[in-house]
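The values are calculated or read from the model by the stated rules, or taken from the named source; none is laboratory data. Just so it is clear, the model here is predicted, and its values are computed rather than measured. As a convention, Cβ positions derive from the backbone with ideal geometry for all residues, glycine included, and neighbour counts pool all protein chains shown. These accessible areas exclude ligands, DNA and RNA; they are computed on the full protein's heavy atoms, side chains included. Shrake-Rupley method; radii C 1.70, N 1.55, O 1.52, S 1.80 Å.
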Amino acid sequence: MRIIAISWLSLCVLAGVARAQDVANDSEREFFNLDSLHPPQTLEGYRLAMVCNAANDVEEFRAKDAGDQRLEHYRHLGSEKSYLFARHTAEQLGLIVPTQGPGDTLELKKMVHDQQYVRETIERCRAVGLVYDGDGASTQPGRSDQSGPNQTDTEARINDKFIQWSEGWAMDQYQPGSAHIDTMNCGDGGCEARGRFSFFRGGTRLTITFDAQLPRIGDNQYALRRLCYNDNTTGMRDCVQ
């Protein structure tokens, strides 16, 4: 975990931006804005923020090992915001908190050895605004592993799936063609794509993230098995097979 002086925190926490060398554009500055999404300033909010700090750290180090500099930077920003929010909340609640306790160590060990758990934790953190996924336009889509399905074809399949899925949505209207992949990570069993899409709600255009499971079904062949969205405007997550 990062150790930052309390006096410095009191000046910087949620006041607008992270450290200058960490923030590259307006989207990243908005991520740290006082009005951006974040957990409630409660004991549970503090605990969740510390967990999100650890989850972002784990993914940051994994991205660094994989040579994915963009994802490494994104998770670094998420770790910064999580830590700053947690320390600020501790101050506001008058908590006496060690820099790292036994619970933190166990949490880190679990994340390091259980990739599914860290992915699920990242989704929880994304829903409360403690994970940064870019602005969808600042960098070109890519993937950390060169194997896997064609990205353009995969985006088209995800777009078609969203069109079908959204026919049953009660309030929201999907914007056709808006699904774009930011990262694609592949292994022996298949790939996981992460990105964002847009929809209209009451005349307002909103953009949120999605993740898609693409199991390998043959030689250089992949199926679209599971598609999920993470609506940080409501804290809801839903999936379709």
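Below are the figures for this structure:
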| read-out | value |
| --- | --- |
| Karplus 3J(HN,Hα) series, Hz, for the range 171-178 with 6.51 cos²θ - 1.76 cosθ + 1.60 (x for Gly, Pro) | 10, 8, 10, 5, 8, x, x, 8 |
| Qualifying lysines (Cα of each under 21 Å from Cα of LYS110; at least 8 residues distant if same chain) | LYS64 |
| Carbon/sulfur fraction of accessible area - the range 146-241, other protein chains in place, 1.4 Å, % | 45 |
| Hits among aspartates and glutamates - C-alpha to C-alpha of LYS161 under 20 Å, sequence gap 8 or more where chains match | ASP153, ASP172, ASP182, GLU192, ASP211, ASP231, ASP238 |
| R0 of 30 Å, Cβ-Cβ distance ARG205-ARG225: FRET efficiency to nearest 0.05 | 0.55 |
| Packing rank of 223-232, 196-205, where each peptide gets the mean count of other beta carbons within 10 Å, highest leading | 223-232, 196-205 |
